[in-house]
1. Is it the case that A115 is open to solvent by less than 20 Å² (accessible area, probe 1.4 Å), under 21 Å from R176 (Cα atoms), touching a residue at least 24 places away in the same chain (Cβ under 8 Å) and touching a Leu at 6+ places or on another chain (Cβ under 9 Å)?
2. Can you pull out every residue in the range 21-49 that is open to solvent by less than 20 Å² (accessible area, probe 1.4 Å) and of a type in the set (A, V, I, L, M, F, W, C)?
3. Quick one: how many residues across the range 164-188 are over 16 Å from E33 (Cβ atoms) and in contact with a helix residue (DSSP H, G or I) (Cβ under 7 Å, 6 or more places away or on another chain)?
4. Just to verify a result, which residue in the range 113-159, among those that are over 18 Å from the mean Cα position of the chain (by Cα) and among the polar types (S, T, N, Q), is modelled with the highest pLDDT?
5. Quick check on I171: is it assigned to a helix (DSSP H, G or I) and in contact with a Pro (Cβ under 7 Å, 6 or more places away or on another chain)?
6. Determine whether F68 is open to solvent by less than 20 Å² (accessible area, probe 1.4 Å) and assigned to a helix (DSSP H, G or I).
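The values are calculated or read from the model by the stated rules, or taken from the named source; none is laboratory data. Note that the structure is predicted; figures quoted are calculated from it, not measured. Glycine gets a Cβ as well: all are built from the backbone with ideal geometry, and neighbour counts include every protein chain shown. Keep in mind that these areas ignore ligands, DNA and RNA; they rest on the heavy atoms of the full protein, side chains included. Shrake-Rupley method; radii C 1.70, N 1.55, O 1.52, S 1.80 Å.
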Amino acid sequence: MLITECPVVYRSVTICYLSGTGNSYRVSETIAEVVERGGVTTSVISVNEANPFAELEDSDNYLLGLVFPTHGFTAPWHMIKFAMRLPRRSSTHAFCVATRAGLRFGKVFIPGISASATLLVAMILALKGYRVRGVTAIDMPSNWYSLHPIQRAESITKIIERATRRTSGFISTMLRGNRYWLTWNIVYDAIFAVALAPISGPNSRFPAAKA
């Protein structure tokens, strides 16, 4: 069930996504559905088609979201470059969402690891003047089949349902004007961000695999 009933403080939301197999696009569409049910003008744009130099509202009534897959335990280089090319702003609110490889065995959900993915992009936005209101990582069905058995259809469905609920809760928090920072999700990834820094740093410069 999507969370849709909440007082909305924004009048316009733009979601720029990077996706290969569709996980990040699916999350972006879930975000858009929740936002639109709140009566807010919404745009969902691929970063491959978005113009980072286009005029963005410099207003605290405007919300920009960046949604992307995890690549090598960090953000894909293509998304990092896109964030760095965005125009400077002083009032525009923003959020970051990374999708990561989730698994389900029986009734147990095993989270993926996005590590520094959201924190890195959020830092870039903050340095450019955006007011980053929150970050999160959403577990979507893993396609890393060289490391684990192919998930059954039931497990994939359950992972997506769980991801939809968590995505809905996250964006509803954003729409109410609240921050979304101090969560176990972020603490978990922050720990791995430090531990995997020697791996994620070099990996961010390579083209992202489809995810």
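1. Numbers: open to solvent by less than 20 Å² (accessible area, probe 1.4 Å): yes; under 21 Å from R176 (Cα atoms): no; touching a residue at least 24 places away in the same chain (Cβ under 8 Å): yes; touching a Leu at 6+ places or on another chain (Cβ under 9 Å): yes.
Answer is no for this residue.
2. V27, I31, A32, V34, V35, V40, V47
3. The total comes to 1.
4. Looking only at the range 113-159, we keep the residues that are over 18 Å from the mean Cα position of the chain (by Cα), and these are 127-129, 144-158.
Applying the additional criterion that residues be among the polar types (S, T, N, Q) yields 146, 151, 155, 157.
On the way: S146: 54, Q151: 71, S155: 85, T157: 90.
This residue is T157.
5. On the way: assigned to a helix (DSSP H, G or I): yes; in contact with a Pro (Cβ under 7 Å, 6 or more places away or on another chain): no.
Answer is no for this residue.
6. Numbers: open to solvent by less than 20 Å² (accessible area, probe 1.4 Å): yes; assigned to a helix (DSSP H, G or I): no.
Spelling it out, it is not the case that F68 is open to solvent by less than 20 Å² (accessible area, probe 1.4 Å) and assigned to a helix (DSSP H, G or I).
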